[in-house]
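Comments concern the structure below.
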Amino acid sequence: MKKRKLTKLITMPPIFNPAFIFGLSLFIFVAAFFPVNSFATKIPKGPFYIVKVKKSFKSALFDLKQGIEDANYSILAIAPISTGIKGIGYKIPDLEVIDFCKLMDGYKLLKYNMNYAAFMPCRIAIYKEGKYTVMISFLPSYFSKFFKNNAEQKKTIIAVTKQIIQIMDSVKTGF
């Protein structure tokens, strides 16, 4: 009997392929150490981002301030608008406006166009509306369309917009 030569290459199933195992390991590592929402944040086309939560005003305000600080922003001012209006004798639901900034991001925009100062610092208004606490912010990605932007500005604008959205969403979903 004649021996036949084996002409067909023996291949491993894809699951045992070293490249597949490396790629899968890399995917698991990235997924474990970087939250999925940081990659998947969708930027709305309109000028505002609004989030409603079923939390007390004080609890949502605390979580919002914590989210801003956790994202490495500096809180520049908290304007207690409703306290002032109540102080002059009018009734209004709880309302505060938080101004916050990362100076480096501000610099990246202002060094090319000082007109960005009209939209700075970042701002989120938070108020009570019935059983909900509502947060609203004007998004940098929207107002940036009024200016000519270079690559560095575009990158900064997108990053800041996504961070604002993530901060507001974190009040709803938790940290």
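Sorted ascending by nearby beta carbons within 10 Å, beginning with the fewest, Cys101, Cys122 become Cys101, Cys122. Here region 36-173 is assigned +1 on the Cβ of each Lys and Arg and -1 on the Cβ of each Asp and Glu. Its dipole about the Cα centre then comes out at about 380 debye. Count Lys and Arg as plus one, Asp and Glu as minus one, and take only other residues whose Cβ is under 12 Å from that of Ile157; the net charge is then +3. Quick one: go through region 153-175 and flag any residue whose amide nitrogen is under 19 Å from the point 7 Å out along the Cα-to-Cβ line of Lys45. Once the point is set 7 Å along Cα→Cβ of Lys45, 158, 162 turn out to lie under 19 Å by backbone N, inside region 153-175. Here the average projected area of the convex hull drawn through the C-alpha atoms of region 36-173 stands at 8.9 nm².
Principal axis extents of the C-alpha atoms in region 80-134 (largest first, rounded to whole Å): 44, 25, 14.
What number comes out for the charge environment of Asp169, summing +1 per Lys or Arg and -1 per Asp or Glu over other residues with Cβ under 13 Å away?
Once all neighbours under 13 Å are counted, the net charge is +2.
Residues in region 126-144 near a label at Tyr112, defined as backbone nitrogen under 14 Å from the 7 Å Cα→Cβ point? 141, 144, by backbone N distance to the label point. Per-peptide packing, taken as the mean over residues of other Cβ atoms within 10 Å, places 85-91, 58-64, 141-147, 75-81 in the sequence 58-64, 141-147, 75-81, 85-91 from highest down. With the charge dipole of region 36-173 set up from +1 on Lys and Arg Cβ and -1 on Asp and Glu Cβ about the Cα centre, the Cα lying farthest toward the positive end among the listed residues Gly106, Phe147, Tyr73 is that of Phe147. Look at the alpha carbon pairs under 8 Å that are at least 6 residues apart: their mean separation over the length of region 36-173 gives a relative contact order of 36 percent. Can you tell which of Leu95, Leu64, Ile165 lies farthest toward the positive end of the dipole of region 36-173, using +1 and -1 charges on the Cβ of basic and acidic side chains (Lys, Arg; Asp, Glu)? Result: Ile165.
Quick note: the coordinates plus some simple rules give every number you see, no bench work behind them. Owing to the predicted nature of the structure, the values given are computational and were not obtained by experimental measurement. Virtual Cβ from ideal backbone geometry, glycine too; neighbours counted across all protein chains shown.
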